[in-house]
């Protein structure tokens, strides 16, 4: 296996982190025909995966013991480090020539450090953060942005194909995380711009639905205007992608900006507004609830979407 | 004519303002079969239009004297007021039942005032600002956002059909200008977000072309990422749409925000960056040159696109 592709029916995959994204992803790997051994801190998701055909593991080390490749899908860098390098971690059992595929969103710097540490024990690593949200995870339609070696990317390709539709090797280790940071910057900035535009229309006495419709086909058109613009019109802020997670991701982006010496001016401002959502109890709302911040900054006339 | 549609071969149109947008628009009206009488401050554009089949007029009053409808396409509200209400202006000759179609980008407030003034002398008015740039004007592929009465909109529909492809009656007088302001807010905010994202990638040692490509099909995908993202990669900032005009348009948007009581936080910031382009001699560059501001704020490493 070590030189070839990780094919369904052949490769054994360990999977750690069965959250809102990880659970449907692991399920899609089982459905594709992989032998999948799963671990999660809370037990319910493990039971559901076992019912779907996965094997349970008592911890990260056990999930990695017989695996060709281990996927982790965790909240942030400290979680990834603990699961991989900690006591009873993935690195304690994953065999030489095995591969860690980190699909979490963490910083490029933390990624490179981890990849170097693992390389010393002969373990390969790809960073492969995703976008597309829970729906993309369920539908196996994720965008996957990969950093690492070309040969490792080629080996992992069948795994990615079972999880997403748009799979790009961006560059070397960490490059997938840089692309993900870029993605989160663009998404946040566009949501904020759409929120300001539609709020201006509504407060000016003009139907924001008409404005959205008129703008969709032109230069202002975007997936965000289509999807999140509609959520703002409906004042329907069920996630989707939680404001507090986008706040975390922009923290990673700003850290990357500091490291690379890039002034991320509007990104920093929008992150403050996501922080404002968290402070006012809306951290679990969809990130399109940035429209609520624009409303609040604009006084109480209208109060579209206030719960 | 007064109750029916303004049809090619029947309706006589006056056209004032043959700039980068107005000239190709007037040309498309001639090509569609309208009788078009044109006026412009400088003579060259008039001569070109006359060669294409239009009639020349000595001033706005002369352009409007025999017209069923007069189109104006001018830089800002003071120009529109002067051309319409000034000495030798459109309003001094346009007949009762005639129509002014203002396709300039001005404020909704100035629009409503002008519409009320004209209504007192029995002249109808539509505000019909456009997006799509010079290319959209040449290709008769503009997005046209219209404010005014439904009956007036119906009469002008054949004229709009000769100029654009996406034509929407947004609402009452001024609503077209509100939609245009919303459009300019979304476009500016998205360009800035793309500029921050691609600069972060490049300064992090990751190929921004790969990042753009990976993001295009996902949630971060937009016309701006496609078109302006490519301009940033090429460091090709020929307009397109000039930074100084976008700066002007966001001034109108912020004014509208003040009137409506809406906090346009990121819009205000991006307008400052467009102002910074003007201050550094890049006011005539395409608005995607916002990437240069991000570069400058980030020190001199890289200096992508500095001329």
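Taking residue A:132, is it surrounded by fewer than 20 Cβ atoms within 10 Å (Cβ to Cβ) and within 8 Å of another protein chain (Cβ to nearest Cβ)?
Working: surrounded by fewer than 20 Cβ atoms within 10 Å (Cβ to Cβ): no; within 8 Å of another protein chain (Cβ to nearest Cβ): yes.
Against the criterion (surrounded by fewer than 20 Cβ atoms within 10 Å (Cβ to Cβ) and within 8 Å of another protein chain (Cβ to nearest Cβ)), residue A:132 does not qualify.
Counting only residues that are buried (at least 24 other Cβ atoms within 10 Å of the Cβ) and within 8 Å of chain B (Cβ to nearest Cβ), give me the helices (runs of 4 or more DSSP H) lying completely in segment A:174-260 with at least 3 of them. First the steps, then the outcome.
On the way: elements: A:175-203, A:208-216, A:223-234, A:243-260.
Ranges flagged: A:175-203, A:208-216, A:243-260.
Have a look at A:73, A:99 and point out the one that is in contact with a helix residue (DSSP H, G or I) (Cβ under 8 Å, 6 or more places away or on another chain), closer than 21 Å to residue A:245 by Cβ and at pLDDT 95 or above.
Every option except A:73 fails the conditions.
For segment B:1-84, which helices (runs of 4 or more DSSP H) that fit wholly inside it have 3 or more residues that are over 21 Å from residue B:137 (Cα atoms)?
Per the criteria, B:60-65.
Which one of these does residue B:152 not meet: (1) out of contact with any helix residue (DSSP H, G or I) (no Cβ under 7 Å at 6 or more places or on another chain); (2) under 26 Å from residue B:274 (Cβ atoms)?
(2)
Please go through segment A:161-189 and give me each residue that is more than 22 Å from residue A:141 (Cα to Cα) and either touching a strand residue (DSSP E or B) at 6+ places or on another chain (Cβ under 9 Å) or not assigned by TED's automatic domain parsing to the domain that holds residue A:272 (or both), ordered by number.
Residues satisfying the conditions are A:172, A:173, A:174.
Can we say residue A:168 is more than 18 Å from residue B:195 (Cα to Cα), at the interface with chain B (Cβ under 7 Å from one of its Cβ atoms) and in a strand (DSSP E or B)?
On the way: more than 18 Å from residue B:195 (Cα to Cα): yes; at the interface with chain B (Cβ under 7 Å from one of its Cβ atoms): yes; in a strand (DSSP E or B): yes.
In short, yes.
Quick check: anything in segment A:295-303 surrounded by 22 or more Cβ atoms within 10 Å (Cβ to Cβ), on the phi < 0 side of the Ramachandran plot and touching a helix residue (DSSP H, G or I) at 6+ places or on another chain (Cβ under 6 Å)?
No, segment A:295-303 has no match at all.
Residue by residue through segment A:101-121, note down the ones that are more than 14 Å from chain B (Cβ to nearest Cβ) and over 15 Å from the mean Cα position of the chain (by Cα).
Residues of segment A:101-121 that are more than 14 Å from chain B (Cβ to nearest Cβ), as a first pass: A:101-104, A:106, A:113-121.
Selection gives A:113, A:114, A:115, A:116, A:117, A:118, A:119, A:120, A:121.
Look through segment A:266-286, keep the residues that are at the interface with chain B (Cβ under 10 Å from one of its Cβ atoms) and crowded, with 20+ Cβ neighbours inside 10 Å, and return whichever of them is farthest from residue A:178 (Cα to Cα).
From segment A:266-286, those at the interface with chain B (Cβ under 10 Å from one of its Cβ atoms) are A:266-270, A:272-273; that's our starting set.
Still in the list and also crowded, with 20+ Cβ neighbours inside 10 Å: A:266-267, A:270, A:273.
On the way: A:266: 18, A:267: 15, A:270: 19, A:273: 22 Å.
Among them, the one singled out is A:273.
One residue is enough: does segment A:148-159 have a residue meeting the conditions facing chain B (nearest Cβ under 7 Å) and in contact with a strand residue (DSSP E or B) (Cβ under 8 Å, 6 or more places away or on another chain)?
No, that holds for no residue.
Do we have any residue at all in segment B:129-151 that's assigned to a helix (DSSP H, G or I) and more than 17 Å from the chain's Cα centre (by Cα)? Walk me through how you get there before you give the answer.
Filtering segment B:129-151 down to residues assigned to a helix (DSSP H, G or I) leaves B:133-138, B:150-151.
Subsequent filtering for residues that are more than 17 Å from the chain's Cα centre (by Cα) retains B:150-151.
Within segment B:129-151, one or more residues are assigned to a helix (DSSP H, G or I) and more than 17 Å from the chain's Cα centre (by Cα).
Would a scan of segment A:167-176 turn up a residue that is in contact with a helix residue (DSSP H, G or I) (Cβ under 7 Å, 6 or more places away or on another chain) and modelled with pLDDT under 95?
Within segment A:167-176, not a single residue is in contact with a helix residue (DSSP H, G or I) (Cβ under 7 Å, 6 or more places away or on another chain) and modelled with pLDDT under 95.
The values are calculated or read from the model by the stated rules, or taken from the named source; none is laboratory data. Please read all numbers here as calculations on a predicted model, not as lab measurements. Glycine gets a Cβ as well: all are built from the backbone with ideal geometry, and neighbour counts include every protein chain shown.
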